[in-house]
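Single-structure report; data block below.
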Amino acid sequence: MKKLIILITILTILGCGENNVEENSTKNESGIVTSRVANEGSNYIISDFESAGLKKPKSLKADAIDKKTGEAITPKALEVHLGFFKSSLGPKDVEVRLYESHTDALTHGVPTAEKTISTVVAFTNALIETTSAESTTTTAGFGAYIVTGNSIIICQSQIEVCDELLEGLDN
């Protein structure tokens, strides 16, 4: 009987966790999860991501300006790093943007992260429309992101790459 109660408790906890992930996720029109919010209270530095498996992070200019619009590319970002992560899907590019707080990441980082992945989606859709059905097309672009604590992780291809890096942060 004790084992049954423990099993039901574990399943209830896991079930609640899954719902929380779904509630904090955004899907595109195809039903694919492209973003998620997690770990509101966490505060990260780049070495945390390196410990989680981010390889060769190269520091990028956090205050870079878009030459066409004159607007900041990553407004209010304190640091921006580009590296790669060996995920179960193979090595993937990952961009990490660090902000002063979780609120700054949501307020200032999400719009630019959305713009980053929507540009890739539009490019990919254009490629698919112009290629034959027999050919396979892949892009090296960013396809998903996770806001976690004071950071945004933008990952190549799909959300699972971000999820795996996030798991490394939690360990």
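Values computed for the structure shown
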quantity: Largest-first ordering by accessible area, 1.4 Å probe, given options LEU78, LEU166, LEU106; calculated: LEU78, LEU106, LEU166
quantity: Charge context of SER157, other residues only, Cβ under 14 angstrom, K/R +1, D/E -1; calculated: -3
quantity: Which of PHE49, PHE84 is most accessible, then next, and so on - probe 1.4 Å; calculated: PHE84, PHE49
quantity: Area accessible to solvent at THR112, 1.4 Å probe radius, in Å²; calculated: 20 Å²
quantity: Exposure of ASP163 as accessible area (Å², to 10), given a probe of 1.4 Å and all protein chains; calculated: 40 Å²
quantity: Using a Förster distance of 35 Å, the FRET efficiency for LYS55-THR107 (Cβ separation, nearest 0.05); calculated: 0.75
quantity: Under-5 Å amide H pairs with GLU40, H placed in peptide plane, nonlocal only; calculated: GLY149
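The values are calculated or read from the model by the stated rules, or taken from the named source; none is laboratory data. Because the structure is a prediction, the values reported are computed rather than measured. As a convention, Cβ positions derive from the backbone with ideal geometry for all residues, glycine included, and neighbour counts pool all protein chains shown. For accessibility, only protein heavy atoms count, side chains too; no ligands or nucleic acids. Shrake-Rupley method; radii C 1.70, N 1.55, O 1.52, S 1.80 Å.
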